[in-house]
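Inspection log for the structure reproduced underneath, given as structure tokens.
The values are calculated or read from the model by the stated rules, or taken from the named source; none is laboratory data. Remember, it's a predicted structure, so these values are computed and weren't measured experimentally. Cβ coordinates were reconstructed from backbone atoms using ideal geometry, including for glycine residues, and neighbour counts include every protein chain displayed.
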Amino acid sequence: MSTMEKHLFNLKFAAKELGRSAKKCEKEEKAEKAKIKKAIQKGNTEVARIHAENAIRQKNQGVNFLRLSARVDAVAARVQTAVTMGKVTKSLAGVVKSMDVALRSMNLEKISALMDKFEHQFETLDVQTQQMEDTMSNTTTLTTPQGQVDLLLQEMADEAGLDLNMELPQGQTGSVATVASAEQDELSQRLARLRDQV
């Protein structure tokens with residue numbers, strides 16, 4: 001096992017540990033919320049306030065663990081790419097040396113077999129590179145556009161019937177409402193035409 005592979009293993013292990021810590025914080029946050037409800041039911045607001053502070057601290061700590069886990073995952077994906085590229089480079093170097101020997105002897109069958117192996121190595125490299133790119137795009141949360149994150153949060157809150165209290169820029173709110181009403185008008189007109197045809 002090379003040094004890079006050892007580092008890769010350690011990074012993956014660290015990411016898992018951070019993920020476990022985030023889940024533990026989430027459990028503790030839920031437990032604190034349950035304690036808040038009990039304290040409120042008993043009329044003990046001071047104790048409820050302490051549990052609320054604990055719940056918020058656990059939540060923030062859990063989010064920080066998740067954020068760090070995502071960053072470590074992204075680094076691990078980059079290290080994985082480097083390890084893979086190193087292996088492929090060694091394989092290609094071996095193929096090139098063998099091709100050199102084959103070209104000197106001009107054995108066409110041997111050259112053809114080596115070219116097939118060379119093409120196979122490149123196909124493997126393409127697949128592994130694509131997999132690494134997919135992994136990196138899935139794990140790198142730093143490059144996720146904030147607008148998309150906000151939109152998803154708002155959609156999920158709407159589905160749950162909750163108010164997210166997100167502040168949208170003033171111009172954006174009006175344009176969204178205008179587009180929605182225009183689409184609604186268009187749908188109504190199409191429905192009326194369909195009814196007329198029937």
| task | Kindly provide the set of residues from the stretch 71-81 that are of a type outside the set (Val, Ile, Thr) and surrounded by 18 or more Cβ atoms within 10 Å (Cβ to Cβ), ordered by number. | result | ASP73, ALA74, ALA76, ALA77, GLN80
| field | Filtered residue count, the stretch 11-46, keeping only those that are within 26 Å of VAL83 (Cα to Cα) and of a type in the set (A, V, I, L, M) | value | 4
| said: The conditions are (1) within 27 Å of the chain's Cα centre (by Cα); (2) within 25 Å of MET4 (Cα to Cα); (3) modelled with pLDDT under 80, and MET166 fails exactly one of them. Which is it? | reply: (2)
| message | Checking the condition among the hydrophobic types (A, V, I, L, M, F, W, C), surrounded by fewer than 18 Cβ atoms within 10 Å (Cβ to Cβ) and over 30 Å from GLN121 (Cβ atoms), which residue from VAL88, VAL63 passes? | response | VAL63
| task | Being under 13 Å from ALA15 (Cβ atoms) and either among the β-branched types (Val, Ile, Thr) or touching a Lys or Arg at 6+ places or on another chain (Cβ under 9 Å) (or both) is the filter here, so list the residues in the stretch 38-79 that pass it. | result | PHE65, SER69, VAL72, ASP73, VAL75, ALA76, VAL79
| note | Filtering the stretch 36-51 down to residues that are surrounded by fewer than 17 Cβ atoms within 10 Å (Cβ to Cβ) and either touching a Cys at 6+ places or on another chain (Cβ under 7 Å) or on the phi < 0 side of the Ramachandran plot (or both) yields LYS37, LYS38, ILE40, GLN41, LYS42, ASN44, THR45, GLU46, VAL47, ARG49, ILE50
